[in-house]
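Undergrad: The structure under discussion is supplied below as structure tokens; questions concerning it will follow.
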Amino acid sequence: MELLLVSVAVTLLIVCGAAPPNFVVLFADDLGFGDLGCYGHPSSLTPNLDRLATGGLRFTDFYCSSPVCSPSRASLLTGRYQTRSGIYPGVLYPGSIGGLPLNETTIAEVLKPRGYATAAVGKWHLGVGANGKFLPTNQGFDQFLGIPYSHDMGPCHNLTCFPPDVKCSGYCDVGTVLVPLMRNDTVIQQPADFLTLEQKYSDFATTFITTAAKKQQPFFLYYPSHHTHYPQYAGVKAAGRSLRGPFGDALLDFDQTVGDILATLERTGVIHNTLVFFTSDNGPELMRMTHGGNAGLLKCGKGTTYDGGMRMPAVAFWPGVIKPGVTHELASTLDLLPTIMKLAGAKLPQVQLDGVDMANILFHNTMSERETMMFYPTTPPQQYGLFAVRWGKYKAHYYTSGSSHSDMSPDPDCSVLAALKSHDPPLVFDLEADPSENFPLTLDDMPDLLVLVEKIKRVKEGFEATMEFGESQILKGTDVELEPCCNPRCTPKPTCCHC
């Protein structure tokens, strides 16, 4: 009854024109299912994320749409599988010619006409393009502060010239421009100062919330963090404070910004009218060993279509509206757009959406509208189609392969040497009984297994009949002239891009 009343109250607020809710999306990078204390890690120091989990609804069966960065981010913002928008295969690079197509509709682009202030802070990784055409300010965001791609996509010294008391570890790309920090479409620092980066992000986010609250304007804050992507870094307030070394320090650095955001929501009096949603873009990069995160009891990690690559920690937090607890219902990053649109009283984009409204889970504590989850690899071959399908508690693998991202796992199925393998009939796992995907079901386990396989096959074929692969933005290639440079006409590039 209590949850029913909450749902009715939220609906009445929308219908009656009362203050629409605010939205804060916290998106970690390469953070695994087993990396947080609230998901079982014994030494992570994340008091603010743990507060979200304690006071919010924690998901056990929440999925991203891809086991690598760019396609996962595209799906969260559009509610569509990355194959539709063309963000495949792999990820975008500093000089990529393509990016998230401008005809795709993002969460920000739907909210902005509803009077929302919109801002993105952190790692974009959906393209820069000629004259910054793919940056957030051209995708519905009023403001952007951040790095337009992964922070390892630049020369190593960005992360290794810190004082000895600041922990930082890792190697980065060479032959590209120094990693830039951008404000809207302008490079304001190159190389970015990682010692102070998280504080800049925190100041930007808290100022944005405070300004919107003073104006009594609804807002959408999208914070895709660099943490805990390799190589790790941490500011002076987090360095050396965790028990997990550089990875734990980076995680704490992220957690402190989450804490600053929560404190600002409280101080401005809008926390009871704000949905905060936290999750991660893909699984841990196991090839980095202790610097790469942990998938807990899930199989493999980043780059694979096993659950370790795509099953994420996730929490929905809305004090007084979402009842604290744990849900085992199936949900995905794809579902954020339709859920936010419903709560904001906005119309859905007139395109083929793959997300569903999560209201049943968040407010009714009943069954999810999502019955399936589709698994594409990092390089989705159209001739093969889906690699795996989850239907209810069952997951069927039609193809499996390892990945270099998960290469150091002791499980040989995760290794880059685990070549593409077809399974006919598919390998079927009961994820409730076997979340580690160790023991495929047999006829001895389940006499009607063949009936189940046929049902999942029909679901798979029905979905694939709706899939139209968009033109690959990544296969358009790269152009060094498109790499962000604070002195665009300087020579010789890339070394002259320094300011």
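The values are calculated or read from the model by the stated rules, or taken from the named source; none is laboratory data. Predicted model only: the values in this text are computed from it and were never measured. FYI the Cβ positions are ideal-geometry reconstructions off the backbone, even for glycines, and counts take in every protein chain you see. The area values use the complete protein model at the heavy-atom level, side chains included, leaving out ligands, DNA and RNA. Shrake-Rupley method; radii C 1.70, N 1.55, O 1.52, S 1.80 Å.
Undergrad: In whole Hz, what ³J(HN,Hα) sequence does the range 366-379 give by Karplus (6.51, -1.76, 1.60; θ = phi - 60°), x for Gly and Pro?
TA: 10, 5, 5, 6, 8, 9, 9, 9, 9, 10, 9, x, 5, 10
Undergrad: If I take all pairs of Cα atoms in the range 438-499, what percentage of them are more than 16 Å from each other?
TA: Values: 1340 of 1891 pairs.
So the portion of pairs separated by more than 16 Å is 71 percent.
Undergrad: Amide H neighbours of Leu45 under 5 Å, at least 5 residues apart or on other chains, H built in the peptide plane: list them.
TA: Leu243
Undergrad: Over the chain, with every protein chain in place, what whole percent of the accessible area is carbon and sulfur at 1.4 Å, could you tell me? The partial results should precede the final answer.
TA: Details: 10250 of 18790 Å².
Ligands and nucleic acids excluded, carbon and sulfur reach 55 percent.
Undergrad: Ignoring ligands and nucleic acids, what accessible area does Cys499 show with a 1.4 Å probe (Å², nearest 10)?
TA: Cys499 exposes around 80 Å² with every protein chain in place.
Undergrad: Check Thr118: other-chain or 5+ apart residues with amide H under 5 Å from its amide H, H built from backbone geometry?
TA: Correct list: Asp142, Gln143, Phe220.
Undergrad: What is the local net charge at Gly402, summed over the other residues whose Cβ is closer than 10 Å to its Cβ (Lys, Arg +1; Asp, Glu -1)?
TA: Numbers: positive: Lys421; negative: Asp407, Asp411, Asp413.
Once positives and negatives cancel, what remains is -2.
Undergrad: Right, next: Which one is right for this structure if Cα Rg over 2.2 N^0.38 Å is calculated from it: (1) 1.01; (2) 0.93; (3) 1.18?
TA: Looking at Cα Rg over 2.2 N^0.38 Å for this model, the match is (2).
Undergrad: How large is the accessible surface of Ile107 in square angstrom, using a 1.4 angstrom probe and rounding to the nearest 10?
TA: The accessible area comes out at roughly 0 Å².
Undergrad: Determine the per residue accessible area of the chain with all protein chains present and a 1.4 angstrom probe, expressed in square angstrom.
TA: Numbers: 18790 Å² over 499 residues.
Each residue of the chain exposes 38 Å² on average to a 1.4 Å probe.
Undergrad: How large is ³J(HN,Hα), in whole Hz, for each residue of the range 310-326 in order, when computed from phi with the Karplus curve 6.51 cos²θ - 1.76 cosθ + 1.60 and θ = phi - 60°, using x for Gly and Pro?
TA: Result, rounded to whole Hz: 9, 9, 10, x, 7, 9, 10, 10, 7, x, x, 10, 9, 6, x, x, 10.
Undergrad: Could you give each residue of the range 180-193 its phi-based ³J(HN,Hα) in whole Hz, using Karplus coefficients 6.51, -1.76, 1.60 with θ = phi - 60°, and x for Gly or Pro?
TA: Karplus values, whole Hz, x for Gly and Pro: x, 9, 10, 10, 6, 10, 10, 6, 10, 7, 8, x, 5, 8.
Undergrad: Tell me, what is the 1.4 Å probe accessible area of Ile209, in Å² to the nearest 10?
TA: 0 Å²
Undergrad: What number in nm² do you get for the range 381-499 if you take the convex hull of its Cα atoms and divide its surface by four?
TA: Numbers: hull surface 48.1 nm².
Hull-based average projected area comes out at 12.0 nm².
Undergrad: Sorted by accessible area (1.4 Å probe), largest first, how do Lys299, Lys393, Lys421 line up? Display every interim value, and only then the final one.
TA: Details: Lys299 15, Lys393 65, Lys421 115 Å².
Putting Lys299, Lys393, Lys421 in descending order of accessible area: Lys421, Lys393, Lys299.
Undergrad: Hey, can you list the DSSP H helices of the chain whose Cα span along the axis is 27 Å or longer and whose average Kyte-Doolittle score is at least -1.0?
TA: Details: long enough: 194-215 (32 Å, -0.09); 245-267 (32 Å, 0.15).
Qualifying helices: 194-215, 245-267.
Undergrad: Find, among the GluC sites (Glu not before Pro) in the range 413-492, those assigned to loop by DSSP (not H, G, I, E, B) with at most 14 other beta-carbon atoms within 10 angstrom.
TA: On the way: sites: Glu432, Glu437, Glu454, Glu461, Glu464, Glu468, Glu471, Glu481; in loops: Glu432, Glu437, Glu468, Glu471.
Filter output for the range 413-492: Glu432, Glu468, Glu471.
Undergrad: Taking the alpha-carbon distance from Lys323 and a cut-off under 21 Å, which lysines remain once sequence neighbours fewer than 8 residues away in the same chain are dropped?
TA: Of all the lysines, those that pass the test against Lys323 - Cα under 21 Å, at least 8 places apart if same chain - are Lys342.
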